[in-house]
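The values are calculated or read from the model by the stated rules, or taken from the named source; none is laboratory data. Just so it is clear, the structure is predicted and the values come from calculations on it, not from any experiment. Positions of Cβ are backbone-derived with ideal geometry, glycine not excepted, and every protein chain shown enters the neighbour counts. Each accessible area value is taken on the protein alone, full model and side chains, heavy atoms only, with ligands, DNA and RNA left out. Shrake-Rupley method; radii C 1.70, N 1.55, O 1.52, S 1.80 Å.
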Amino acid sequence: MMGHSHAVSGALVFSAAAPFLPPLVIGRPLQPGEVLVGVLLTAGAALLPDLDHHDGTVAHLFGPITRLLCRTVARLSGGHRHATHSLLFVALAGAGTRAGVARWERGLTDGLAFALLLLAVHALLPHTAGPRAPFRATTVGLAAIGTACVDSWLPGTGAWLPWAVVLGTLTHVLGDCLTRQGAPLLWPYGRRFEIVLINRTGNRFETRFLVPVMTVGTLVLAWLAAFAPTALTGMAALTGMAGLTG
């Protein structure tokens with residue numbers, strides 16, 4: 001899947017989980033601003049497994065600097081779609097985020113939020129064929145504004161940020177299982193798991209059907225999760241009752 005597709009899928013999964021997961025893992029529902037920011041943070045986290053891809057979305061963020069970073073990660077992890085595309089990586093990313101937030105609190109929260117917002121904006125904004133410098137400046141500027149909002153108005157972000165990272169990275173890994181190359185979910189065990197729905201990255205099914213459907217779903221679910229969460233929880237309860245009575 002393309003980086004844009006991974007970002008949108010991460011945003012979709014967070015939007016769907018926002019009314020249900022936070023009360024279970026942090027003991028409270030998310031505020032509307034947290035839901036909207038969480039959608040973007042999870043979209044950025046959904047790109048983290050591709051830190052092993054020298055020509056992926058992450059690698060193109062800051063040219064030679066990020067390409068070198070991705071090549072280094074690829075060497076350390078065994079190449080593209082190896083260690084970083086496993087359930088172990090998902091668990092380590094979540095645990096590392098949780099430990100970092102516990103140790104450095106706002107510093108780690110703001111730093112990671114800035115990095116994830118950078119990735120999300122870079123993946124979701126349309127790219128032009130012109131000079132890259134203005135686009136990068138816009139990306140950095142928007143990420144900085146988002147981070148300032150997190151720091152000033154969303155002090156509880158650190159409590160649910162690890163779960164946004166888990167949802168994003170897990171969505172990416174499972175999404176790659178829909179492609180012909182699959183993903184080694186149980187790495188270091190080498191078997192790749194796949195249910196091929198996307199024969200070729202960037203094909204018409206992905207770009208003209210899957211991404212538009214996920215985008216619309218994200219917008220609808222994010223709005224409901226932020227401003228009418230009881231509508232989603234009520235529908236889930238009715239569905240559960242119907243299943244029991246059926």
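Annotations for the structure displayed:
- Close pairs (9 angstrom Cβ cut-off, 6 or more residues apart or separate chains): under 18 Å from GLY44 (Cα atoms) and touching a residue at least 12 places away in the same chain (Cβ under 8 Å) in the stretch 93-117, of a type in the set (D, E, K, R) and open to solvent by 40 Å² or more (accessible area, probe 1.4 Å) anywhere: THR109/ASP151; ASP110/ASP151; ALA113/ASP151
- Complete set of residues in the stretch 41-86 that are assigned to a helix (DSSP H, G or I) and open to solvent by 70 Å² or more (accessible area, probe 1.4 Å): PRO64, ILE65, ARG67, LEU68, LEU69, ARG71, ARG75, LEU76
- Verdict on VAL213 being of a type outside the set (S, T, N, Q), modelled with pLDDT of 95 or more, out of contact with any strand residue (DSSP E or B) (no Cβ under 7 Å at 6 or more places or on another chain) and open to solvent by 70 Å² or more (accessible area, probe 1.4 Å): yes
- Within the stretch 1-16, tally of residues that are modelled with pLDDT of 95 or more and open to solvent by 30 Å² or more (accessible area, probe 1.4 Å): 3
- Test set (1) loosely packed, with under 14 Cβ neighbours inside 10 Å; (2) of a type outside the set (Lys, Arg); (3) not in a loop (DSSP other than H, G, I, E, B) - PRO162 fails condition number: (1)
- Test: LEU124 is open to solvent by 20 Å² or more (accessible area, probe 1.4 Å), of a type outside the set (Phe, Trp, Tyr), within 18 Å of ALA46 (Cα to Cα) and in contact with a helix residue (DSSP H, G or I) (Cβ under 6 Å, 6 or more places away or on another chain): yes
- LEU170 open to solvent by 20 Å² or more (accessible area, probe 1.4 Å), modelled with pLDDT of 95 or more and within 30 Å of ASN203 (Cα to Cα): yes
- Residue within the stretch 17-36 that is under 30 Å from HIS80 (Cα atoms), of a type outside the set (Val, Ile, Thr), open to solvent by 10 Å² or more (accessible area, probe 1.4 Å) and assigned to a helix (DSSP H, G or I) present: yes
- Some residue of the stretch 136-146 being in a loop (DSSP other than H, G, I, E, B), open to solvent by 10 Å² or more (accessible area, probe 1.4 Å) and not aromatic (Phe, Trp, Tyr): no
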